[in-house]
Amino acid sequence: MKHSKLLATAFGVAVAGAISFSAQAEEMMATFEIVDGTIPQSLTGTPGDADAGRKTAIDRKKGNCLACHVMPIPEQQFHGETGPALDGIGDRLSEAELRMRMVDAKVINPDTMMPSFYKTGQHMVLKKFEGKTILSAQEVEDVVAYLLTLK
Amino acid sequence: MKKLITAAIALSGAGLLLAACVAGGGSSMSSTGENGISDNPDAWSGYKTATAETQAMNDDDFENPVMPYVDLAAGIYNSRDNAGKISCADCHGAPDDATGGRSGIPMKGVGANYPRFNAETGKPINVELQINKCREERQVEKGFKYEGDEMIGMTALVRMQSRGMPVVSKAADPANELHAAWTAGKEFYYQRRGQLDMACSNCHEDHAGDLIRAETLSQGQSNGFPTYRFKWQKPGTLHRRFAGCNKNIRAEAFGRGSDEYLNLETYLAWRGRGLPVEAPSVRK
């Protein structure tokens, strides 16, 4: 199965005020292709930075991965457990598989609780987040690079 | 807790009777005698996953931080200082008067049987809106602010008269007047929303009992409201909690007392049917 998903480039009209919020508001969404439940190609072409990815994973306003996953991040207290522990995930899943889960885990499991970190168009989104993805394309790449270090 | 539940069963007869009065129609109460517990054995209250410390505070009326609000409301309950020159007590008797005073409508049982169907509006009415209905129509005064101290205190005062009584809801029955509200509430409950794209069910059904960061997810039941939260540093209404859970997933919240939240409240009462009323509760 091979299908591609073209995501609309950011709507032309930048609503006044929206411009000042964050970089993501103005970023054009990267296009990507889903191949058998994976995303083989980098979203940005710029290699991910694992250290930055670790920070993004911790940041409660960004990945907030610790809300749901136990991770090898000992300096942070209180790891959630609604999702599987991520120790060794870099051995279990490939880069392309990890990128798919970061972009939109619902392609793998439509019932999952895990947010889609690179998707827009959800129902009733708070105005200030409307049309924005949770993570930027580069942040997705960074987190993927970090996850790949978890061997 | 066990003891409460047993007492609740003993009291449920009275509760149902009262509910029929309050409904002013009562056609939906055809199932008198059922307490709902056997119907819904897997429901559990957020009390269960609260820390021992929080539970102790919840259980001791001298420690429970909602009690000062209840005291405030008790003063208002007895006051004729309003344009209608009539107090709540004039109509309903003392809050714990099981005969319900002149009106024959006691406060005991209200908390276990709301939301009810309001035939005038064709919508559910919850305890907060019923309080304001009495205030406006009988006392000829402006209603309390939905999230104000008076409203929270009065809701707590009224709902705590039902402590231990099992929550009753027959709204799932297609013949029930609340069924349309129940259906809309259910849709809301399972509808993913917000930038995090989650439904109530993702947290409170699929993952109840699991840790989300430092918090253990409960079933998100409504039987303890109004609730004092340490995070809020004051007690709040159920609709405040709805708005909080909506905003946490970066979804637009609805207004206090909105149709959407009344429907959701109606649905939650059904999810929690059989649980003992635990108002006012204390939570993290």
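Calculate, in nm to one decimal, what B:Glu215 and B:Ala98 gain on full extension: separation in residues at 0.36 nm each, minus their alpha carbon distance.
Additional length available on full extension: 38.2 nm.
Assuming a ≥ b ≥ c are the square roots of the Cα gyration tensor eigenvalues, decide whether the protein assembly as shown counts as rounded (a/c under 1.5), prolate (otherwise, with a/b larger than b/c) or oblate.
prolate
Please list, by residue number, everything in the range B:78-96 whose backbone N is under 20 Å from a paramagnetic label point 7 Å out along Cα→Cβ of B:Val140.
B:78-92
Just the number please: accessible area per residue for the range B:116-186, 1.4 Å probe, all protein chains included, in Å².
Value for the range B:116-186: 42 Å² per residue.
Quick one: grab the alpha carbon gyration tensor of the range B:67-162, order the square roots of its eigenvalues as a ≥ b ≥ c, and give me rounded if a/c is under 1.5, else prolate or oblate depending on whether a/b is larger than b/c. Intermediate values should be presented prior to the final figure.
Numbers: a/c = 1.18, a/b = 1.10, b/c = 1.07.
Rounded, since a/c falls under 1.5.
Enter the angle in degrees (range 0 to 90, nearest 10) between the Cα long axis of helix B:2-23 and the first principal axis of the Cα atoms of chain B, meaning the one along which they spread out most.
60 degrees
Most fluctuating residue of B:Ser169, B:Ser258, B:Ser201 in a GNM of chain B with Cα springs under 10 Å: which is it?
B:Ser258
Treat every Asp and Glu Cβ in the protein assembly as shown as -1 and every Lys and Arg Cβ as +1, leave all other atoms uncharged, and give the resulting dipole magnitude about the Cα centre to the nearest 20 debye.
Dipole about the Cα centre, nearest 20: 580 debye.
Relative to the Cα centre, what is the charge dipole magnitude of chain B, using +1 at the beta carbon of each Lys and Arg, -1 at the beta carbon of each Asp and Glu, and rounding to the nearest 20 debye?
280 debye
Given the range B:165-284, what count of lysine pairs have C-alpha atoms under 26 Å apart, with each pair 8 or more places apart or on different chains?
Going through the range B:165-284 pair by pair, I get 7.
Once you keep just the Cα pairs under 8 angstrom separated by 6 or more residues, what percentage relative contact order results for chain B?
The value is 26 percent.
Along the charge dipole of the range B:145-261, which of B:Ala175, B:Thr227, B:Leu238 sits closest to the positive end, that is, farthest toward it, with unit charges on the beta carbon of Lys, Arg, Asp and Glu (+1, +1, -1, -1)?
Farthest along the dipole direction, towards plus: B:Thr227.
Among bridges DSSP assigns within chain B, what percent are antiparallel (round to 5)?
Percent antiparallel among DSSP bridges in chain B is about 70.
Select from B:Val70, B:Val110, B:Val140 the residue whose mean-square fluctuation is largest in a Gaussian network model of chain B (Cα-Cα springs shorter than 10 Å).
Most flexible of the set in this elastic network: B:Val140.
Report, in cubic angstrom per residue, the convex hull volume of the C-alpha atoms of the range B:43-118. Could the numbers behind the result be given before it?
Details: hull volume 10.1 nm³, N = 76.
Once divided by residue count, the hull of the range B:43-118 is 133 Å³.
Once you compute Rg and the Kirkwood Rh from C-alpha atoms, what is the Rg to Rh ratio for chain B? Could you put the intermediate results ahead of the total?
Working: Rg = 17.8 Å, Rh = 18.9 Å.
Here the Rg-to-Rh quotient is 0.94.
The values are calculated or read from the model by the stated rules, or taken from the named source; none is laboratory data. From a predicted model like this one, the values you see are computed outputs, not experimental measurements. Because the Cβ atoms are built from the backbone with ideal geometry, glycine has one as well, and the counts that use them run over all protein chains shown. Accessible surface is based on the protein model in full, side chains and every heavy atom, while ligands, DNA and RNA are left aside. Shrake-Rupley method; radii C 1.70, N 1.55, O 1.52, S 1.80 Å.
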